[in-house]
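Reviewing the structure listed below.
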Amino acid sequence: MLAAALLTVTGVIGHLIGLMVLTTTVGPTAYLLLAHPDTEAAQVRSALLGHAAATVSGLACLAAFGLWRRPSIVEQHADTLAQIGAQALGVGLTLLALVVLDAHHPPAAATALMITSGIARPGLPLFGMLTGLAIVITSAVALAKIPWLRERTRRTFQD
């Protein structure tokens, strides 16, 4: 319930500022941070480093495969071989970075895919996704500081 409320507020903020902030990477991040706050994947360090590594990997793969200005897979209704290569390498580099940085946050793989598929292309779509992540991560940190709320959330997901 708390994750749904947080995503609703995040989406409304995005709507008010004119950005698409709710993406497939924001929901799982909210879930991990709120439902499993004591796990390694839900640590703020892991979330920040994971999404940062994914962003760098995704952008590097867009550039390496010459996809910077290419239409997204949604617009094309299919993946090109270059996009498939960029997606696979982007996720692979992200996962490698998560291991090297000891910052395991599975939703970061979705961030790499969103970027390399062109859905969160450089510009407003990428800025929107990163804004959504910033709102969710910051809010989850603030909510975790409210003891009764944190305990209630933990019980909800354990029952």
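A few notes on this one:
- Test for GLY123: is it among the small types (Gly, Ala, Ser) and within 16 Å of GLY18 (Cα to Cα): yes
- Enumeration of residues in the stretch 92-106 that are in a helix (DSSP H, G or I), in contact (Cβ under 8 Å) with a residue 24 or more places away in the chain and not small (Gly, Ala, Ser): LEU93, THR94, LEU98, LEU101
- Residue match in the stretch 16-37 (condition: more than 19 Å from GLY128 (Cβ to Cβ), exposed (fewer than 14 other Cβ atoms within 10 Å of the Cβ) and without any contact (Cβ under 8 Å) to a residue 40 or more places away in the chain): no
- Among the candidates ALA47, ALA63, ALA52, residue that is part of a helix (DSSP H, G or I) and open to solvent by less than 40 Å² (accessible area, probe 1.4 Å): ALA47
- Against the test of being modelled with pLDDT of 95 or more and over 21 Å from the mean Cα position of the chain (by Cα), the options LEU130, LEU81, LEU95 yield a single qualifying residue, LEU81.
A quick yes/no check of all residues on (1) within 15 Å of LEU126 (Cβ to Cβ); (2) of a type outside the set (A, V, I, L, M, F, W, C); (3) in contact with a strand residue (DSSP E or B) (Cβ under 6 Å, 6 or more places away or on another chain):
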| residue | (1), (2), (3) |
| --- | --- |
| ALA35 | no, no, no |
| ALA41 | no, no, no |
| LEU49 | no, no, no |
| VAL56 | yes, no, no |
| LEU59 | yes, no, no |
| ALA64 | no, no, no |
| ARG70 | yes, yes, no |
| ASP79 | no, yes, no |
| ALA88 | no, no, no |
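- For the stretch 66-83, taking the residues that are in a helix (DSSP H, G or I) and over 12 Å from ILE115 (Cα atoms), the one that is most open to solvent (accessible area, probe 1.4 Å) is identified as LEU81.
The values are calculated or read from the model by the stated rules, or taken from the named source; none is laboratory data. Owing to the predicted nature of the structure, the values given are computational and were not obtained by experimental measurement. Positions of Cβ are generated from backbone atoms using ideal geometry, with glycine treated the same way; all protein chains shown enter the neighbour counts. With ligands, DNA and RNA removed, areas are computed over all heavy atoms of the protein, side chains included. Shrake-Rupley method; radii C 1.70, N 1.55, O 1.52, S 1.80 Å.
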